[in-house]
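Here's the structure we're looking at; comments come further down.
The values are calculated or read from the model by the stated rules, or taken from the named source; none is laboratory data. All of these numbers come straight from a predicted model, not from anything done at the bench. Here the Cβ positions follow ideal geometry from the backbone for every residue, glycine too, while neighbour counts run over all protein chains shown.
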Amino acid sequence: MKLFYAAGSPYARIVRIALIELGLDAATEKEFVTLRDPHSMLLPYNPVGRVPTLRLDNGVVLTESLLIFSYLDTQHSGPPLLPRDGSDNWVTLSRLGTAMGLIDGIAVWNRELRRPAHERSPGMQALELTRATRTLDALETAVAGGAYTGRLDVARIALGATLGWAERRHRTFKWREGHPVLSAWYDEIETIPSFIATLPPIV
Ligand SMILES: N[C@@H](CCC(=O)N[C@@H](CS)C(=O)NCC(=O)O)C(=O)O
């Protein structure tokens, strides 16, 4: 299989970390692609033009990180990335949903900040700041209570990749302020080799 990715994409990073943790990385060809580029070599495979995009050996192309996780779960024999049987009381999927929701919001917000100043919507930036802060406050309490700990499951990967992306690539968001527990949690997860190997470039 072949993964199309961009070094700065948090979504692609979650898949890249999962591949390493599942022992599937060596068997996966990687292709770095440009985004928002009409000449990107990604477009013939994925007309939507987003990463992660995974081309299977049979030529089928999967997009959307959660759908890619579904496929990866057919390729290894360990605990599933996505426990779909309720055996963990749906906790992993619940935590994953919060982490993915956080990244969705702050990614939209950061895209807004990259637009020319006169095109930026203050209302939208305020909405995303409120959403992100509310979510981080909830995560601070959850992590203090023991959530997102233990085995490196997909929820932990997604939250770590989200915070790493926010720290290194978001133009204004200072997520560590007021979140000491989450901050310490992040400092620990970023020392895991699969996280170090996939650190997004700072912009
Ligand atoms: N819901 C998608 C989001 C993927 C996504 O937004 N990827 C960004 C990179 S972080 C992208 O490819 N953006 C290109 C564009 O917006 O044209 C997923 O979970 O895979």
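Brief remarks follow.
- No other residue among Ser121, Ser40, Ser87 is surrounded by fewer than 19 Cβ atoms within 10 Å (Cβ to Cβ) and closer than 22 Å to Thr135 by Cα apart from Ser121.
- Looking at Ile103, Ile192, Ile202, just one residue is at pLDDT 95 or above, of a type in the set (Val, Ile, Thr), closer than 21 Å to Arg50 by Cα and in contact with a helix residue (DSSP H, G or I) (Cβ under 9 Å, 6 or more places away or on another chain), and that residue is Ile103.
- Qualifying residue in the range 182-190 (condition: of a type outside the set (Phe, Trp, Tyr) and closer than 25 Å to Asp73 by Cα): yes
Table: residues versus (1) surrounded by 16 or more Cβ atoms within 10 Å (Cβ to Cβ); (2) in a helix (DSSP H, G or I); (3) out of contact with any Phe, Trp or Tyr (no Cβ under 6 Å at 6 or more places or on another chain).
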residue	(1), (2), (3)
Ala147	yes, no, yes
Leu163	yes, yes, no
Ala166	yes, yes, no
Ser183	yes, yes, yes
Asp187	no, yes, yes
Val203	no, no, yes
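Per-residue answers, yes or no, for (1) within 22 Å of Ala7 (Cβ to Cβ); (2) part of a helix (DSSP H, G or I); (3) out of contact with any Asp or Glu (no Cβ under 6 Å at 6 or more places or on another chain):
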site	(1), (2), (3)
Val51	yes, no, yes
Gly59	no, no, yes
Thr74	no, no, yes
Thr92	no, yes, no
Gly97	no, yes, yes
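- Number of residues in the range 49-81 that are within 9 Å of the ligand (Cβ to nearest atom) and closer than 27 Å to Arg95 by Cα equals 10.
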